[in-house]
1. Return the whole-Å distance between the Cα centroid of segment 77-127 and the Cα centroid of segment 53-73.
2. With a point put 7 Å past each Cα toward its Cβ, work out how far V34 is from R87 in nm, to one decimal.
Amino acid sequence: MKTAATLLAAEEGANPLIPHTYELVVGIFSFLVVLVVVGRILVPRIQKTLAERTDAIEGGIKRAEEAQAEAQALQRRYTEQLEEARRDAARLREEAREQAAQIKAELREEAQAEARRLVEAAHTQIEADRQAAFAQLRTEIGRLSTDLAGRIVGESLEDEVRQTRIVDRFLDELEGSNAQAVR
């Protein structure tokens with residue numbers, strides 16, 4: 001049982017692999033039309049689009065590289081500024097420590113000077129008080145000793161010059177004997 005197409009091909013006596021002339025002409029004409037349309041219209045548009053995309057990609061890559069380089073430069077600058085700020089802070093802390101130590105030393109020196117001044121003032125006051133007490137005591141001892149000597153001798157020792165001379169001699173002898181006893 002042969003099929004109808006086989007029978008038809010056998011009747012024509014033509015080879016089914018070789019096309020007919022009209023099909024060949026229409027095929028070549030259609031191919032040329034497609035070739036012209038594709039070659040003249042579509043290929044330039046495709047090339048233009050590909051060129052735009054290539055430029056966009058290359059530009060994007062270039063912009064990305066520039067942005068990355070700028071970001072790295074900013075990061076370096078930030079790091080340098082941060083390091084400089086740290087150095088400044090350390091320098092300021094060190095200066096503050098030095099100033100604190102200097103102020104502390106100045107205050108200590110002022111306090112010591114004030115303490116020396118107060119001690120000297122106290123010594124001066126004590127010495128003045130001692131001298132005043134000694135003078136008052138000397139006067140009182142002189143009066144008492146002249147009264148006592150006057151009672152012992154039975155004479156009045158009212159002469160001021162004589163009283164002073166006797167009292168001074170007595171006190172000098174008394175101080176001399178105290179000084180020898182202390183040694």
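1. Answer, in whole Å: 57.
2. With each label placed 7 Å out from Cα toward Cβ, I get 7.4 nm.
Taken together, the values in this text are just the output of simple stated rules run on the coordinates, not laboratory data. Note that the structure is a prediction, hence the values are computed from the model and not measured. Neighbour counts are summed over all protein chains in view; Cβ atoms, including those assigned to glycine, are modelled from backbone coordinates with ideal geometry.
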